[in-house]
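Every number here is computed from the coordinates shown, using simple stated rules; none is lab data. All of these numbers come straight from a predicted model, not from anything done at the bench. Don't worry about glycine lacking a Cβ; one is built from the backbone with ideal geometry, like all the others, and counts go over all protein chains shown.
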Amino acid sequence: MDFQLLGLSFVAVFLSELGDKSQFAAIVLGGSSKYPKAVFLGTAGALLLASFIGVWIGDGTAQLLPTKGVKAIAAIGFTIMAIRLLWPEPSGSELDPKTEETTPSAP
């Protein structure tokens, strides 16, 4: 077993789950339940299942698609998200969903 990969996976998932909506759901359920062990087992089982499905799909994808292609698609996707976060749409040009025309926003 690759313990470095095990540790890296643990740290990455642990840090990404802190403050996540699933953690808030566990806090609410645990705080309002008479059986916190059942909440722990249910939330832990759900996280294990979601992680298993992600790893299983990732393994299947890795066998079908070339690694360089997947990395390129991920890089392009993250670049697009970064650009949209850094340069959002101008504040006065929201689209009206009914007419799909540009209308100024109300003050």
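The residue 5 and residue 82 beta-carbon pair, evaluated with R₀ = 30 Å, returns a calculated FRET efficiency of approximately 0.65. Residue ranges 59-65, 34-40 sort as 34-40, 59-65 when ordered by packing (mean number of other C-beta atoms within 10 Å per residue, highest first). Pairwise Cα separations in the range 3-85 fall into 10 Å bins from 0 onward with the following percentages, short to long: 14, 30, 34, 16, 5, 0.
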